[in-house]
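Okay, structure first, notes after.
FYI, it's all coordinate maths here, none of it is from the lab. Predicted, not measured: the structure shown is a model, and the values here were computed from it. A quick note on method: Cβ atoms are made from the backbone with ideal geometry, for glycine too, and the neighbour counts reach across all protein chains shown.
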Amino acid sequence: MEHYEPDRLSPAQVKAMRRSLRTGRAALSRRSLLRASALGGLAAGGLGSLSACGIPAAGRTEGGTSAEDRSAQEKEVSFSNWTEYMDVDEAGKRHPTLDAFTERTGIEVTYTEDINDNNEFFGKIKPQLAAGQDTGRDLIVLTDWLAGRLIRLGWVQKLDPANLPHAYANLSPQFRSPDWDPGRAYSYPWQGISTVIAYNRKALDGIEVKTLSDLLDHPRLKGRVGLLTELRDTIGMTLLDMGKDPGRFGDDDFDAAIARLQKAVDRGQIRRFTGNDYTADLTKGDFAACLAWAGDVVQLQADNPDVGFLIPDSGYITSSDNLLIPSRARHKTNAERLIDYYYEPPAAAELAAYINYVCPVDGVREELAKLDPDAADNPLIIPDQAMQAKSHAFRSLSSKEETAYEEKFAKLTGA
């Protein structure tokens with residue numbers, strides 16, 4: 001597949017990024033799952049830095065350059081993560097899993113929540129990575145589309161399997177081989193992200209929904225259906241509903257999905273396309289059913305027994321936020337030990353109990369049940385094998401495809 005980076009973002013891409021920052025994945029809270037759209041929301045400054053100077057041509061896949069690994073001499077690791085994406089104690093001041101890691105290994109973790117948006121953070125570290133310099137970070141967490149970009153640019157280091165025995169053994173099958181990092185040579189998931197169909201039982205009033213087609217076609221749902229402003233989620237779920245694989249589709253398939261949705265829009269079936277603000281519509285019953293992010297559903301169900309969800313037989317879309325070691329990081333082995341630690345079920349369970357994302361660690365359910373039985377039984381947090389089998393990833397797009405597809409999707413949504 002062709003991969004190159006644009007010198008400038010198209011108007012449709014800019015609109016998609018700003019929309020995402022306002023109401024989409026980039027606007028969501030810790031328990032709302034998603035961090036940035038497939039394009040990512042841009043904070044002020046991130047947009048200027050990307051559109052003004054462009055992004056270097058991609059294509060390198062041999063792995064980033066290593067610095068001298070100082071792990072043995074310097075018992076430390078610097079970890080950059082998203083805000084509120086780590087367990088905290090009752091006082092909200094300490095991170096119990098990180099404290100336990102330090103107590104066991106003697107490795108001090110400098111933990112910083114300095115990632116608020118994928119593209120903004122990329123703009124922050126890009127000059128150092130492009131110059132072959134240390135970013136000062138040994139471990140970072142990026143959403144899959146940007147993780148894939150850094151791998152293609154050769155700006156992250158290849159992982160040493162010898163330091164990752166638990167990660168290798170316990171990684172859930174649904175996350176094992178994304179097209180942007182086959183076999184997980186450069187990354188491991190921090191948490192997973194799922195797109196499902198949510199509904200309000202009272203608003204459905206006995207209407208049976210099992211598929212996205214039910215939402216798009218049922219006459220009694222006219223004007224009471226919501227879809228997402230995130231292209232990969234809405235188009236991905238539509239492709240699945242049409243019997244297409246979102247991991248293997250072409251322009252004709254994309255255009256057919258757009259046409260399918262356009263018919264529903266023209267009939268007035270779709271009330272509106274939303275970011276995470278669909279939660280209010282769903283709770284009030286203005287939406288009888290909608291596409292939704294699983295973390296929101298977990299949160300809403302705790303407060304509203306009328307909210308439910310379903311996984312269509314055709315499947316659902318899954319993406320991930322991922323752990324990577326940047327080029328020139330000085331403590332690679334220590335970073336790998338920290339990655340591996342979070343693939344031990346006790347640590348993974350403690351993290352899952354707090355943040356309620358999709359846990360990518362097999363064998364965690366028994367440990368999680370000790371901490372939070374409801375979370376352990378929730379397939380949105382611990383998918384069973386049947387649910388995992390229905391998981392699909394939206395394939396990587398070339399920049400040319402990204403621009404063309406965003407323009408068509410923006411026309412559909414009226415953005």
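Quick notes on this structure:
- Residue 114 sits among other residues whose Cβ lies under 12 Å from its own Cβ, and their net charge, with Lys and Arg +1 and Asp and Glu -1, is -1.
- P(r) weight above 17 Å for the stretch 217-300, C-alpha pairs, percent: 49 percent
- Relative frequency of Cα-Cα separations exceeding 13 Å in the stretch 256-302, percent: 60 percent
- For residue 124, the lysines whose Cα comes closer than 25 Å to its Cα, not counting residues fewer than 8 places off in the same chain, are 15, 158, 332, 400.
- Straight-line cross-link partners of residue 390 among the lysines, defined as a Cα under 26 Å from its Cα and at least 8 positions apart when in the same chain: 210, 244.
- Amide H contacts under 5 Å for residue 358: 192, restricted to partners 5 or more places along the chain or on a different chain, H placed in the peptide plane at 1.01 Å from N.
- Euclidean distance between Cα centres, the stretch 157-171 to the stretch 332-367, Å: 13 Å
- Candidate cross-link partners of residue 202 among the aspartates and glutamates, defined by an alpha-carbon separation under 16 Å and a same-chain spacing of 8 or more, comprise 281, 286, 303, 306.
- Convex hull volume of the stretch 74-211 per residue (C-alpha atoms, cubic angstrom): 185 Å³
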